[in-house]
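Derivation of every value follows stated rules applied to the coordinates shown; laboratory data play no part. Just so we're clear, the structure is a prediction, and the values are computed from it rather than from any experiment. Please note: Cβ atoms are built from the backbone with ideal geometry, for glycine as well, and neighbour counts cover all protein chains shown.
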Amino acid sequence: MASPKSSTATQLPERLEPLARQLAELDPSDRDLVIRYVRTLSPPRKLRGVPWEHLKKLEGVVSIGGNAVEECKALYDDC
């Protein structure tokens with residue numbers, strides 16, 4: 001029987017599908033317990049830093065607009 005595929009689901013390597021099925025069959029609280037336990041066994045992830053100059057280059061890439069101070073004042077009395 002073919003496994004159901006979803007366009008939004010992340011595809012797992014075939015070797016991990018049995019484990020994923022077993023996890024899916026667990027009660028949600030038991031599943032969370034297993035996942036938290038596994039995280040305690042895993043070494044902590046090393047975070048990568050990004051130089052400030054790289055972040056500064058991103059300024060203006062996305063413009064959402066608005067002015068939080070002015071919008072707050074419009075909604076509330078001088079917040």
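Assorted remarks:
- Within a Gaussian network of the chain (alpha carbon springs, distance under 10 Å), most fluctuating of Ser63, Ser29, Ser42: Ser63
- Here is the list for segment 30-79: GluC sites (Glu not before Pro) lying in DSSP coil, each with at most 14 other C-beta atoms within 10 angstrom of its C-beta, are Glu59.
- Over the chain, dividing the summed -39,500 (n - 2.57) contributions of all DSSP H runs of at least 4 residues by the number of residues returns a 222 nm mean residue ellipticity of -13500 deg cm²/dmol.
- In terms of overall dimensions, the C-alpha atoms belonging to the chain reach 59, 35, 30 Å along their principal axes, ordered largest to smallest.
- Comparing Val50, Val38, Val69 in a Gaussian network model of the chain where C-alpha atoms under 10 Å apart are linked, the largest mean-square fluctuation is found at Val69.
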